[in-house]
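Below you'll find the structure, written out as structure tokens, and then a few comments.
The values are calculated or read from the model by the stated rules, or taken from the named source; none is laboratory data. As the structure is a computational prediction, the values presented were derived from the model and not from experiment. For neighbour counting, all protein chains shown are included, and Cβ atoms are generated from backbone atoms with ideal geometry for every residue, glycine included.
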Amino acid sequence: MYSLALLSLFAPQVELSSQQPVQELSAEVITAAADLGIRLPSTVPANWQSLLQPSALAPTAPLMAPWPTVDWSTSTPQAEGMDPNGIRTAFQYGAAHGSNAMLVIRNGYIVAEWYAPGWAQDQQEDGFSMAKSVSSSLYGAAIAEGIFPDIDTKASTYIQEWNDPAHQDVRLRNLLSMNSGLHWDFFTDYIFLGLANDQNQFAINLDMDDVPGGTWIYNNSASQMLSAVFKRHTGVNIDRYAQRRLFNVIGMHDATWMQDNSGNTLTYRSVFASGREFAKFGYLFLRGGEWDGQQVVPRSWVRNSARPSQTENPFYGYLWWLNTGGMAMQDVPADAFYAAGAFVKRIYVVPSQDLVVIRLGPDDQSWDDNAYLGPISQAVQ
């Protein structure tokens, strides 16, 4: 667990004039980011929304490499327009900070790959909260298929227990944006949720602390409601849908997803995959949700996932973390977005530079995303 005092020593500093109005990020935003090893500034310009640029998407055709459904093609940094010294600097940083696996994909090719001694290329690792980004992608696909009408569908449409005045207006959008209003205590509920035999029912039974669309709270139970809603509506677990609609399509055949003791998919955590497999998921989003001619996730969903989904946390989309305005990672383009899990699991996507970057490994409380991704990004020539 990161303390706010410790984090403030290392938080990125956004240069603001003394007259410029600012928005202070809430303690809930800073604490949630810190717990994932993410360093956010304590304040941002009050007009940060006016600084947003259209979401960049890497070109879809012609592709510069074969689709990596079976396996990745490899190249060299120089051949793909990168300075190898920048990648070397990043990998040295990552190795010194306890990484197990690091990969750089440029133009669809693996140009650099590193594994800790004793760590195999196909060795799987728990991605923890990176599963939230996977869950988000599946809802984008499900809405496109007509399984759900749209993102503003009320959860109470499928959850009978939520047909009360407090819960009835919670929408899928709120569950995907972390502003559902559902009760969450960052310390006790994290434990209680994990101990529950039926984590879907645990989430359903929670009271409301705020109105939907109000306070931004990083809420695992709200994310678990995505499992409950999907299962109540379709009668099947969302991990089965993931295998058919996502994993089998992009070649994540060995990926698995944790379930609770009642057999519910844990949509807030724990997709297990190798670094190369996680990179395929990042590559899907780099290519605008397309995979080898199939639109797996709608392009509009990818764009919206990579933009702030509410106003309290400018660095959060639809269960993806963002580099809004370049204010979180100042040496990285502002269009970068990433799946982030506990113990510094990362899938970074930088569309404007045609980059996917992976970091897997144990926790390191001194981790700095900019110190790792920055040299890689700046290596693009």
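Looking only at segment 216-256, filter to residues that are of a type in the set (Val, Ile, Thr) and within 30 Å of Ser26 (Cα to Cα); which one of those is farthest from the chain's Cα centre (by Cα)?
Pass one, segment 216-256, residues of a type in the set (Val, Ile, Thr): 217, 229, 234, 236, 238, 249-250, 256.
Narrowing the set further to residues that are within 30 Å of Ser26 (Cα to Cα) leaves 217, 229.
Numbers: Ile217: 16, Val229: 20 Å.
Ranking the candidates gives Val229 first.
Just to be sure before I move on: is Gly194 of a type outside the set (D, E, K, R) and assigned to a loop (DSSP other than H, G, I, E, B) in the structure I sent?
No, not satisfied.
Let's see how each residue does on (1) within 17 Å of the chain's Cα centre (by Cα); (2) surrounded by 16 or more Cβ atoms within 10 Å (Cβ to Cβ):
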residue: Asp126; (1), (2): yes, yes
residue: Val134; (1), (2): yes, yes
residue: Gly146; (1), (2): no, no
residue: Pro149; (1), (2): no, no
residue: Asp152; (1), (2): no, no
residue: Pro165; (1), (2): no, no
residue: Val170; (1), (2): no, yes
residue: Ser180; (1), (2): no, yes
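For Val236, which of the numbered conditions (1) within 18 Å of Glu145 (Cα to Cα); (2) assigned to a helix (DSSP H, G or I) fails to hold?
Evaluating Val236 over (1) within 18 Å of Glu145 (Cα to Cα); (2) assigned to a helix (DSSP H, G or I) leaves (2) as the failure.
Considering each residue of segment 78-124, count those that are of a type in the set (A, V, I, L, M) and crowded, with 20+ Cβ neighbours inside 10 Å, and give that number.
Of the residues in segment 78-124, 11 are of a type in the set (A, V, I, L, M) and crowded, with 20+ Cβ neighbours inside 10 Å.
Test Asp209 against the stated conditions and say whether it is in contact with a His (Cβ under 9 Å, 6 or more places away or on another chain), without any contact (Cβ under 8 Å) to a residue 40 or more places away in the chain and not aliphatic (A, V, I, L, M).
So Asp209 passes the test.
Which helices (runs of 4 or more DSSP H) does segment 1-108 wholly contain that include 1 or more residues that are under 26 Å from Asn304 (Cβ atoms), at pLDDT 95 or above and out of contact with any Ser or Thr (no Cβ under 7 Å at 6 or more places or on another chain)?
On the way: elements: 4-10, 27-35, 84-96.
Hits in segment 1-108: 27-35.
Filter segment 239-266 down to the residues that are part of a helix (DSSP H, G or I), over 18 Å from Phe128 (Cα atoms), without any contact (Cβ under 8 Å) to a residue 40 or more places away in the chain and not polar (S, T, N, Q) and list them by number.
Passing the criteria: Arg240, Arg244.
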